[in-house]
Amino acid sequence: MSAGRRYWGVWTTGKLEVLERYLDGFTTTAKNKSSEILYFDLFGGRAENIERLTNKVLRGSPSIALSIHDKAFTRLRFFELDPRHAAELRITLEQDHPGRDFEVIAGDCNQEIGTVLRRLQTVNWAPAFAFIDPNGPDVAWTTLEALARFKRPDRRKVELWILLADAMFMRSLPKDGSVSFADAAKLTAMYGSGDWRLIYNARVDEDIDPAEAREEYVNLMRWRLQETLGYRWTHPLEFRTESGRPIYHMIFATDHELGTKIMTSLYSSAKKRFPAMRQKAKNTRRRLEEEQRGVHNLFGEAIDGIVAGQPQGGKDAYEYLPPWPPFGWE
């Protein structure tokens, strides 16, 4: 097994489908107006990724960005904390995409982002997109701030698509209020504010339930992106495991009207597709478990297709709602 492999669930596959579709729309629009288009990937990942249930090799976000039509992104910068994984990623991308202007920066993106952005000051007018996909509260507010302020004042900000692990880090916060200094500092660094504590304290006091707390954690990030960094729109999309358990939100931040229209359409499509994808993954897992026990499904693959095509309930369309003042501000 390659040291660079990482195993993905259905939620990650769905996330990267949305990413690829948005990058296609983003670059199609941008290339007609600009000779340069920039891409930043702050948690680039590993060279090889595997779909957990099928063992299929899947493309990671760096490969997706480099493969967008007509080599649309002219300069791409990928960050990877682990030097070994960064080296593997660099070698793989150089083999698959020779001659492209990209860099794999080994190290903490929060420490390296300033240097990388300074080196790109000559093209700070160009359309730019940043994919920010950490495992937890690992991106610092100062990094988001640097990206938001990278562009010239007369140009639209770098668009951000950020994973907020609201369900994961909320589960890691002790219900008795005894959050560690290190964990608290990490959350404060991520939000650029200690306002998350108002939500946490309300959860400890049982004034709000887990679902309400997750909603408030997401809203706080959206509010700060809009009110502090000046983004005009922030769009949240919830991702769930194949069993339907909340796992994280992706938050899209933009001040471009066309960007908000494209992502609204993609979020609506995702809300329709994701329940079927989860159901198909559940059916696949069940079938594999039955095969291991020597039990065979008489209808085979047809069952997956039928179940996945059934209506799953809930709203079909994504509707944008602006963030509200953070919890505890009243």
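Just a few scattered comments:
- Note on region 138-243: Cα convex hull, mean projected area over all directions, 7.3 nm².
- Ordering of 202-214, 131-143 by packing [mean C-beta count within 10 Å, highest first]: 131-143, 202-214
- Cross-link pairs exceeding 30 Å in C-alpha to C-alpha distance, out of K56/K157; K157/K271; K71/K157, comprise K56/K157.
- Listed residues I68, M263, N135: farthest to the positive end of the dipole of the chain (Cβ charges): I68
- Value at 222 nm in deg cm²/dmol, rounded to 500, when DSSP H runs of n ≥ 4 in the chain each add -39,500 (n - 2.57): -14500 deg cm²/dmol
- Chain lengthening between Q95 and K71 when straightened (0.36 nm per residue, less Cα-Cα): 7.1 nm
- Computed over neighbours whose Cβ is under 13 Å from that of I91, the net charge equals -2, Lys and Arg +1, Asp and Glu -1.
- Only Cα pairs under 8 Å and 6+ residues apart enter the sum, and on that basis the relative contact order of region 53-114 stands at 37 percent.
- Evaluated with a Cβ-only charge set (Lys, Arg +1; Asp, Glu -1), region 113-208 carries a dipole of roughly 720 debye about its Cα centre, given to the nearest 20.
- Considering only region 1-142, percent of DSSP beta bridges that pair antiparallel, nearest 5: 10 percent
- Where (1) 29, 23, 20; (2) 35, 22, 18; (3) 30, 28, 20 are the candidate values, the label of the one calculated here for semi-axes √(5λ) of the Cα gyration tensor in Å is (3).
- Build a GNM of the chain with springs between Cα atoms under 10 Å apart, and of T122, T228, T27 the one that fluctuates most is T122.
- Antiparallel %, DSSP beta bridges [both residues in the chain], to 5: 40 percent
- Share of carbon and sulfur in the accessible area of the chain stands at 50%, probe radius 1.4 Å.
- Scanning residues 5 or more positions from R46 or on other chains, none has an amide H under 5 Å from its amide H, with H placed 1.01 Å from N in the peptide plane.
- log₁₀ of I(q)/I(0) at q = 0.16 Å⁻¹ - region 1-155, Debye sum with one point per alpha carbon: -0.92
- Fraction of antiparallel bridges per DSSP, region 111-265 only, in percent to nearest 5: 75 percent
- Most mobile of K157, K186, K33 in a GNM of the chain (Cα contacts under 10 Å): K33
- For the pair D82 and K56, the difference between a 0.36 nm per residue extended length and the Cα-Cα distance amounts to 7.0 nm.
- Mean Cα-pair separation over length for the chain, i.e. relative contact order, pairs under 8 Å, 6 or more apart, %: 16 percent
- Shape call, region 14-101: gyration tensor on alpha carbons, a/c limit 1.5: oblate
- Per residue, the chain exposes an accessible area of 48 Å² to a 1.4 Å probe, with every protein chain left in place.
- For the chain, modelled as a GNM whose springs connect Cα atoms under 10 angstrom apart, the maximal fluctuation among N219, N55, N124 occurs at N55.
The values are calculated or read from the model by the stated rules, or taken from the named source; none is laboratory data. As the structure is a prediction and not an experimental result, all values here were calculated from the model. Glycine also receives a Cβ, built like all others from the backbone with ideal geometry; neighbour counts cover every protein chain displayed. With ligands, DNA and RNA removed, areas are computed over all heavy atoms of the protein, side chains included. Shrake-Rupley method; radii C 1.70, N 1.55, O 1.52, S 1.80 Å.
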